[in-house]
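Trainee: Provided herewith is a single structure, encoded as structure tokens, for subsequent inquiry.
Here, each number is a calculation from the coordinates, and none is a lab measurement. Remember, predicted model here, so these are calculated numbers, not experimental data. Quick reminder, even Gly has a Cβ in these numbers, built from the backbone with ideal geometry, and neighbours come from all protein chains shown.
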Amino acid sequence: MRRDASANAIVAGARRADATTAMLLARSGQKGAHMRTALFTLAIAAGLLALPGRVNAQAQELPCVGYATFEKSGAFTQLIGLALGDVPAGAKVTMNCSGNGCPFSTHTFNMKNDVKTLALTDMFNDPNLKPGMVLELRVTKPGWIGKVFQYEIRAVGDPKVTMECVSEDGSKTMVCLKGSGKSQR
């Protein structure tokens, strides 16, 4: 029987969890999408995969990307550039800043049109960011899986960069399916 690569990976993981069930599925003659559905169901039941709560199966991940460029300057980290790319019309962008030295706590932008590049560097009068500051860019749109880009400024080394997705209702963060966050030093 011929299976695609994703089915093989699930079968291999399921075999570790429950060898008998995996073999029965593999030999049952199910092919293509039916085989994958059965294998994903098995993997979820075996605890190999977890699905986030209240996420619409039809929802798509927002295509936006985060861009940040920093430069270390003594005890400070200097913000060279901060932007979001490919923000769709109807999206809401929330920029949060927490920690010592933040020039604002929250700014919100409602996008009326598609925006190729949303430059956010000018939101900071002083480009020197202090250790402990956390910048968060949250992009949401009804009916879509949103994205959160977080930049934690550290005393030593580069800022810690995190990208996660957020459920449609904004209640849960989860791992994104597409790796589309960009950051530079």
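Trainee: Go through the residues of segment 76-91 one by one and say whether even a single one is exposed (fewer than 15 other Cβ atoms within 10 Å of the Cβ), aliphatic (A, V, I, L, M) and touching a Phe, Trp or Tyr at 6+ places or on another chain (Cβ under 7 Å).
Mentor: yes
Trainee: Residue under question is LEU129, and the condition is that it be more than 11 Å from CYS64 (Cβ to Cβ), surrounded by 17 or more Cβ atoms within 10 Å (Cβ to Cβ) and of a type in the set (A, V, I, L, M); does it hold?
Mentor: Taking the combined requirement at face value, the residue satisfies it.
Trainee: To continue, here is another question. Going by the conditions given, is LYS141 in contact (Cβ under 8 Å) with a residue 40 or more places away in the chain and over 19 Å from ALA89 (Cα atoms)?
Mentor: No; evaluated as a whole, the condition is false for this residue.
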